[in-house]
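Derivation of every value follows stated rules applied to the coordinates shown; laboratory data play no part. Given the structure is predicted, the values throughout are model-derived calculations rather than measurements. When we count neighbours, we look across all protein chains shown, and the Cβ atoms used for this are built from the backbone with ideal geometry, even at glycine.
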Amino acid sequence: MTDLFHHTPGNPEPEHATGGFLTAADGRKIRYACFAATARPLKGTIILLPGRNECIEKYFETIRDLTARGFGVATLDWRGQGASGRFLKDGQRGYVKSFGDYVADLELLFEQIVLPDCRGPYHVLAHSAGATVALLAAPLLANRIRRMVLIAPFLELPGQPVSIRTVRWVTAVLCFLGFGRRYAAWGPRPKQTAPFDTNKLTTDPERYRRNTLIYESFPQLALGGPTVQWLHAGAVASQTIRKPEFIAKIAIPTLIVAAGADEVVSTKAVAEYAERMRLGSLVLIPGARHELLQEADIYREQFLAAFFAFVPGTEETS
């Protein structure tokens, strides 16, 4: 056990954990963690990139799944969330100036931790906003990453009367008028956890309770809703990675996995994006909600089967 991580009943820290804090160029502290493989042969390292309002602790179960298959794992809390440095006096407000800052944090993780200390080959596993960051960083990662698996990247908001393009321009105006630090949606995290029946993230009540217990026990890890500036940064990133000339620069074989019952991001936009990628393919898991790695076994096991089929190991042994 280490003092770096936060433990709750039913969510123990994986074996062989190390970690600490990196210092970004702007002085922001970025929490990172590495977990060594617990099985042989050794198959390289998975770079695990969480979504918005997620922390390392939420992925302990998935990390154990990966290390038990011979993969090491390197991960981080994005700036402004988890145990990494926050931006605003009200740390509940989800804020970032640009998704390019997330890309810079990923580069910092690579330069200071992954390349010197983690065994190759390297693969990316990313969720939601983390998958958007992975796509934004993909042209820079071409000579480092062998394959990427992206779960429900944030490209469009589902069921909205306006496009992400409109969201970008409306939020740009609001930021110009000084409202960038205001909540764009939802507001502060409720003092009482929302009932399971109202959640849009998972159909699994046990995993839902496990994840909410993390934030109930350690509220300093949690976020409220995104700010106008965060939503603007996400819209800019979405438009950037959807340009044909940008997609043409992605040279990493990529599996995109979409959740059939996703109410957080647009599954239609995710599927269309995968079709436009030269080296991209799509797996759709019907009935699954947005957080596939936190889903019921009937959905989660489908994802893991697709992941391990797509991400090959090496023949190296220790």
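Rounded to the nearest 20, the Cβ-based charge dipole of the chain about its Cα centre (Lys and Arg +1, Asp and Glu -1) stands at 880 debye.
Determine the dipole magnitude for region 158-300: charges of +1 sit on the beta-carbon of Lys and Arg, -1 on that of Asp and Glu, nothing else is charged, the reference point is the Cα centre, and the result goes in debye to the nearest 20.
On the way: 18 positive and 12 negative charges, 115 e Å.
My answer is approximately 560 debye.
Shape analysis of region 244-318 places it in the oblate category; the axes a ≥ b ≥ c from the Cα gyration tensor give an a/c of at least 1.5, with a/b not above b/c.
Distances between every pair of Cα atoms in region 112-227, grouped in 10 Å steps from 0 to the bin holding the largest one, split as 10, 26, 33, 27, 4 percent. Determine, from the Cβ-Cβ distance of residue 16 and residue 217 and an R0 of 30 Å, the FRET efficiency 1/(1 + (r/R0)^6), rounded to the nearest 0.05. Rounded to the nearest 0.05, the efficiency is 0.80.
At a Förster radius of 22 Å, what calculated FRET efficiency corresponds to the Cβ-Cβ distance of residue 245 and residue 279, to the nearest 0.05? Mind dumping the intermediate values first?
Values: r = 16 Å, r/R0 = 0.72.
The calculated FRET efficiency here is 0.90.
For region 144-158, the Karplus equation 6.51 cos²θ - 1.76 cosθ + 1.60, evaluated at θ = phi - 60°, returns couplings of 10, 9, 7, 8, 10, 10, 10, 9, 6, x, 7, 10, 9, 8, x Hz by residue, with Gly and Pro reported as x. Expressed per residue, the C-alpha convex hull volume of region 231-278 stands at 78 Å³. In the set (i) 1.23; (ii) 1.13; (iii) 0.93, the label that goes with Cα Rg over 2.2 N^0.38 Å computed for this structure is (iii). In the chain, what % of DSSP beta bridges are antiparallel (nearest 5)? Approximately 35 percent, going by the DSSP bridge assignments.
All other residues whose Cβ lies under 14 angstrom from that of residue 29 are scored, Lys and Arg at +1 and Asp and Glu at -1, for a net of 0.
The fewest-to-most ranking of 200, 43, 89 by surrounding Cβ atoms within 10 Å reads 89, 200, 43. Seen from every direction in turn and averaged, the convex hull around the alpha carbons of region 166-318 projects onto 12.7 nm².
With each label modelled as a point 7 angstrom along the Cα→C-beta vector, the residue 143-residue 3 pair spans 4.1 nm. Approximating the spin labels as points 7 Å out from Cα along Cα→Cβ, the residue 261-to-residue 97 distance works out to 4.2 nm.
Residue separation of residue 163 and residue 272 scaled by 0.36 nm, minus their Cα-Cα distance, works out to 37.8 nm of gained length. Model label sites at residue 68 and residue 38, defined 7 Å from Cα along the beta-carbon direction, differ in position by 0.7 nm. Most simply put, region 19-129 has about 50% antiparallel DSSP beta bridges, counting only bridges with both residues inside it.
Label region 156-224 by shape, choosing from rounded, prolate and oblate, from the square roots a ≥ b ≥ c of the eigenvalues of the Cα gyration tensor; if a/c is under 1.5 it is rounded, and otherwise prolate applies when a/b is larger than b/c, oblate when it is not. Here region 156-224 falls in the oblate category. Helix content alone sets the calculated 222 nm mean residue ellipticity of the chain: runs of n ≥ 4 DSSP H residues at -39500 (n - 2.57) each, divided across all residues, give -9500 deg cm²/dmol. Mind telling me which of 239, 92, 192 comes out most flexible in a GNM of the chain, alpha-carbon contacts under 10 Å? Most flexible of the set in this elastic network: 192.
For the residues 113, 151, 47, a GNM of the chain with alpha-carbon springs under 10 Å puts the largest fluctuation on 113. Near the amide H of residue 19, within less than 5 Å, lie the amide hydrogens of 34, all on another chain or at least 5 residues away, with H placed in the peptide plane. Once C-alpha pairs closer than 8 Å and six or more residues apart are averaged by separation and normalised to the residue number of the chain, the relative contact order reads 20 percent.
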